[in-house]
Each structure stands twice: as structure tokens, then as C-alpha cells.
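The values are calculated or read from the model by the stated rules, or taken from the named source; none is laboratory data. Since the model is a prediction, treat every value here as computed from it, not as a measurement. Neighbour counts are summed over all protein chains in view; Cβ atoms, including those assigned to glycine, are modelled from backbone coordinates with ideal geometry.
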Amino acid sequence: METHIAFLRGINVGGNTMLPMSELKSTCNDIGFKNVRTYIQSGNVIFESELSEEMLVKKLERALQASKQQHIPVIIRTAKELESVISCNPFPNAKSAQVGVMFFSNPVPKDILKDITIPGSEEVEISEREIYIHYPNGMGRSRLKLPKMPQKGTVRNINTVTKLAELGREIVN
């Protein structure tokens, strides 16, 4: 059994796509995920399963579609992958609340940032399936716009990512 973390895109943000975490937890239990835990209201769930990432995404997206009557994108990482995301943070000296990680299901195109214009003091680095963004003046003040991506991603700050990795370690132990 492997520990996974699911990131749901667009949950409980700006009054759109409201999903109580108790409902998310129940949905995950109903589709066979084990040791399910949620973290904060933005659609983060930690669980165990033997299924592949692709199958986990399909099962959870289908279940959410059935209950919410809309498509909610799901991105999955194993607990080990999440540990790697943290250790590869290119902005380790930045205030943690000012570092965001945008998660994608597929690899980020290596040339995606070639034509980016950064209107402020933000810094952007790409990884295999993540984009790291340092917002020195805070996420809420940024006017940074990333280029149109071929896939939808979802952002969590590094504090949330670190807490999710910690919760993933607790399930394993």
C-alpha cells in the first residue's frame, strides 16, 4: 500500500465549487481509499492505495463528477514524490508563505517560460511536473501571469506542501 496525496483544483475558492472536507473524505472512503485524511479546506487529501496514479485520478474525478455534477481536476503525488518537491524547492531561503508550488499531472514543457514577462519581483523555476514561484511581495499582490498551459494545474504554498508531506509520513509510520 502506498501513501498518496491528492490536490483538487478550484475547491472552496471564491465561493465556487464548495466541497466540505467531510464529504471529500467520505467520497474517498466510498471508492476504496484507505486511511483517508484531509487537510485544510482547499481540497487536499492524504490516503493509501495500491492503484496507479492514473487509476486514482480517474476514480476520484468520476466520483466527484457524480456527486458535484461538474469536473474537478485532481492531481496526485506519492508521499515520496512530495518529499522530493520540498527538497527541490529552488527558493529555500525565501519566506515559506511566499513560495507557491503549481502541480501538474504531466511534465511541464521545458520552454514554457521562454516568453514570460515578470511584472514584479517574482521568480519562477520549473521542475519535472511542478512550477515553483517565489512571490516576495505575497501571492495576493502579484500580477504575474504564467503562459497558457496545455494542462490545468493547482497551486499550494510550500507550508501546505510541507504539512501534507508530514501527514503522509504519519500514515506510513
Of (1) loosely packed, with under 14 Cβ neighbours inside 10 Å; (2) farther than 30 Å from PHE33 by Cβ, VAL124 satisfies every one except (1)
Checking SER42, SER52, SER67 in turn, the sole residue that is small (Gly, Ala, Ser), outside the structural domain of VAL108 (by TED's automatic domain parsing) and buried (at least 18 other Cβ atoms within 10 Å of the Cβ) turns out to be SER42
The correct count of residues that are touching a strand residue (DSSP E or B) at 6+ places or on another chain (Cβ under 6 Å) and either over 22 Å from TYR135 (Cβ atoms) or assigned to a helix (DSSP H, G or I) (or both) in region 50-76 is 8
Scanning region 31-41 residue by residue, those in a loop (DSSP other than H, G, I, E, B) and either in contact with a strand residue (DSSP E or B) (Cβ under 7 Å, 6 or more places away or on another chain) or at pLDDT 95 or above (or both) turn out to be ILE31, GLY32, PHE33
Residue hits (region 34-58; more than 10 Å from VAL74 (Cα to Cα) and of a type in the set (Gly, Ala, Ser)) are SER42, SER49, SER52
A careful count of residues in region 116-168 that are out of contact with any Ser or Thr (no Cβ under 8 Å at 6 or more places or on another chain) and part of a helix (DSSP H, G or I) gives 9
Going through (1) closer than 30 Å to ARG141 by Cβ; (2) among the small types (Gly, Ala, Ser); (3) touching a helix residue (DSSP H, G or I) at 6+ places or on another chain (Cβ under 9 Å); (4) part of a loop (DSSP other than H, G, I, E, B) one by one, GLY10 fails only at (3)
Inside region 128-147, the number of residues satisfying the requirement of being surrounded by fewer than 18 Cβ atoms within 10 Å (Cβ to Cβ) and either farther than 26 Å from VAL74 by Cα or of a type in the set (Gly, Ala, Ser) (or both) is 5
Restricting region 84-118 to residues that are surrounded by 15 or more Cβ atoms within 10 Å (Cβ to Cβ) and in contact with a Lys or Arg (Cβ under 8 Å, 6 or more places away or on another chain), the one farthest from SER142 (Cα to Cα) turns out to be SER105
